[in-house]
Amino acid sequence: MFANQNRDQLRAMYCQAWRKHQAGEPLEPLERQIAELVQEHPEYHAQVQDAEAAKAAEFTVEQGVTNPFLHMGMHLAIRDQVGMDRPAGITKAYQGLVRRLGAHEAEHAMMECLGTTLWEAQRFGRPPDESAYLECVRKL
């Protein structure tokens with residue numbers, strides 16, 4: 001679903017899911033996941049209140065701010081990985097982290113590994129190295 005969407009469409013989807021959640025409207029399964037993530041991140045509520053502002057917002061390293069949409073997207077990616085156990089073994093590694101840190105903080109720790117894996121893939125023009133990613137998560 002995400003692969004065919006641009007940045008503005010993705011951000012609008014987050015805003016719409018949050019709006020529908022707050023209005024008590026029925027949510028599609030992905031919208032429910034997004035609304036739960038937004039609810040877990042009250043620091044991002046302001047960014048998802050206004051779809052037009054969300055589309056226009058820039059989140060750069062120079063500004064010293066986290067991109068809330070990237071952050072929540074990484075949560076979704078990790079939850080999908082754990083749900084599918086891909087790469088094989090990620091669910092077991094995640095469960096170990098959850099016992100130590102709790103689910104939300106386990107995902108935050110895994111984001112460092114995921115971010116590094118994606119950055120290296122982009123830098124070297126190759127697919128993400130699932131083995132290196134899993135090893136990084138296991139070392140956590």
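Data overview
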| quantity | calculated |
| --- | --- |
| Selection within region 96-136 - more than 23 Å from PHE69 (Cβ to Cβ) and either touching a residue at least 24 places away in the same chain (Cβ under 8 Å) or surrounded by 13 or more Cβ atoms within 10 Å (Cβ to Cβ) (or both) | GLY96, LEU97, VAL98, LEU101, ASP129, GLU130, SER131, ALA132, LEU134, GLU135, CYS136 |
| Counted residues, region 57-80 - those being modelled with pLDDT under 90 and out of contact with any helix residue (DSSP H, G or I) (no Cβ under 8 Å at 6 or more places or on another chain) | 8 |
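The values are calculated or read from the model by the stated rules, or taken from the named source; none is laboratory data. Note that the structure is a prediction, hence the values are computed from the model and not measured. As a convention, Cβ positions derive from the backbone with ideal geometry for all residues, glycine included, and neighbour counts pool all protein chains shown.
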